[in-house]
Amino acid sequence: MAPSHAVRCCQRGLSWIPVVFINLVVGWSYYAYVLELCIYTIPDIAEQVIYLLIFHMIFAMFLWSYWKTIVSRPVNPSKEFCLPKPEKEQYEKEERVEVQQEILKRVARDLPIYTCTGSGAIRYCDHCQLIKPDRCHHCSSCDQCVLKMDHHCPWVNNCVGFSNYKFFVLFLGYSSLYCLFITATVLQYFIKFWTLCQMKAIQNCPENQLPDTHAKFHVLFLFFVASMFFISVMSLFIYHLWLVGKNRTTIEAFRSPVFRGGTDKNGFTLGFSKNVAEVFGDEKKLWFLPIYTSQGDGYTFPTRLVTTDCEQQTLYHQHISKCSTDGETNGRLVGSDGVHSEEQKEDVATMNDEGPMVAVTMENES
């Protein structure tokens, strides 16, 4: 028991190394930009003030969103999804998989669950001993089930999920903006210092060039680091914006969720505006602030298939009521002799926003 506890403590300590590394890089970039570039290198006071004001605004938003992602702990499923004591004892004693599934189905009958495994079984976590809510997955690094889990990010030493996904996307956005601003403003001085180094090498250095101080090494290195981080972080930011627009997690992008009716990669897609609102909320003025505004409770999510089925049934009953009241006979649905032809047996309606093809079969009630 003691060795395993010591190993877990070591793992937890080592998991903070990427976070410490990022903070050291950010701390050095602050020193290099504010002191070595703006204070010691840029001669124009107005340019210094403008650069410092914009830099500190972006820097503050970057740090705010970054640490909100770190400190926002993952949300775990509630006790409602745990097996009651009698069913739990029966489940643990039972060795037959099919009987275990029957136990889980009885318990899950009253739970808001629409997804299952690829084989159609109830999603159950043997480690946490609970029925997994939709979009919930077990994280081996955090050693717990996480609601709407996206992935485990070592750079924040935290699981990205329902509680902090908005903060994570904002962190990617502001870190991209931070690197872009540094790259754009440092570029002209990078070129001057680079030219100075080349001229000095050939012993033809003009007297009106920038001073040959240690600041040039910080400026040169700052440009390389900021540009490389910008390329990597920006690509990840664009990818997660695409996921937000599709209402998918990283796990769902690689493995489509399985509903009771089958696999559907767009099962949680509700339309672009609703997808964005589910992560960032309805108030657009709060979208860019690292303040929690996500919709829902993390347990239940509007599903396209379930919503479509309900809407389609409503439209179908309204249509039948109208035909009965008006005494109409729709030629596409019922023939004049009361017998259904092949075209009259099925009316296929295409739903908008990438909706599925819903087949409504009309039965002869006479």
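The values are calculated or read from the model by the stated rules, or taken from the named source; none is laboratory data. If you're wondering where the values come from, they're calculated on a predicted model, not measured in any experiment. Here the Cβ is made from the backbone with ideal geometry for all residues, glycine too, and neighbour counts use every protein chain on show. Side chains are part of the model used for accessible areas, which takes the heavy atoms of the whole protein and leaves out ligands, DNA and RNA. Shrake-Rupley method; radii C 1.70, N 1.55, O 1.52, S 1.80 Å.
Just a few scattered comments:
- For region 64-71, the condition holds for no residue, the condition being that it is under 29 Å from residue 303 (Cα atoms) and either acidic (Asp, Glu) or over 25 Å from the mean Cα position of the chain (by Cα) (or both).
Residue-wise test of (1) without any contact (Cβ under 8 Å) to a residue 12 or more places away in the chain; (2) farther than 28 Å from residue 236 by Cα; (3) aromatic (Phe, Trp, Tyr).
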{"site": "97", "(1), (2), (3)": "yes, yes, no"}
{"site": "101", "(1), (2), (3)": "no, yes, no"}
{"site": "120", "(1), (2), (3)": "no, yes, no"}
{"site": "130", "(1), (2), (3)": "no, yes, no"}
{"site": "135", "(1), (2), (3)": "no, no, no"}
{"site": "153", "(1), (2), (3)": "no, no, no"}
{"site": "171", "(1), (2), (3)": "no, no, yes"}
{"site": "187", "(1), (2), (3)": "no, no, no"}
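- Region 245-286 - residue that is part of a loop (DSSP other than H, G, I, E, B) and of a type in the set (A, V, I, L, M, F, W, C) and, of those, farthest from residue 303 (Cα to Cα): 270
- Of all residues in region 8-51, those that are among the β-branched types (Val, Ile, Thr), open to solvent by 40 Å² or more (accessible area, probe 1.4 Å) and within 23 Å of residue 65 (Cβ to Cβ) total 2.
- Hey, residue 131 under 30 Å from residue 191 (Cα atoms) and open to solvent by less than 60 Å² (accessible area, probe 1.4 Å) or not: no
- Within region 254-293, tally of residues that are among the small types (Gly, Ala, Ser), farther than 18 Å from residue 133 by Cα and open to solvent by 20 Å² or more (accessible area, probe 1.4 Å): 1
- Hits in region 267-284 - residues which are farther than 20 Å from residue 251 by Cα and of a type in the set (Asp, Glu): 282, 283
- Only one of 55, 81 that is under 30 Å from residue 217 (Cβ atoms), of a type in the set (Phe, Trp, Tyr), crowded, with 16+ Cβ neighbours inside 10 Å and under 32 Å from the mean Cα position of the chain (by Cα): 55
- Screening the candidates 114, 91, 66 for the property of being of a type in the set (Phe, Trp, Tyr) and under 21 Å from residue 268 (Cβ atoms) yields one hit, 114.
- In the set (1) out of contact with any His (no Cβ under 8 Å at 6 or more places or on another chain); (2) open to solvent by 30 Å² or more (accessible area, probe 1.4 Å); (3) modelled with pLDDT of 85 or more; (4) over 29 Å from residue 38 (Cβ atoms), residue 236 fails one condition alone, (4).
- Sole exception among (1) assigned to a loop (DSSP other than H, G, I, E, B); (2) of a type in the set (A, V, I, L, M, F, W, C); (3) crowded, with 22+ Cβ neighbours inside 10 Å for residue 111, by number: (3)
- Residue match in region 253-264 (condition: within 20 Å of residue 65 (Cβ to Cβ), touching a residue at least 24 places away in the same chain (Cβ under 8 Å) and of a type in the set (Phe, Trp, Tyr)): no
- Meets criteria (in contact with a Leu (Cβ under 7 Å, 6 or more places away or on another chain) and under 18 Å from residue 182 (Cα atoms)) for residue 82: no
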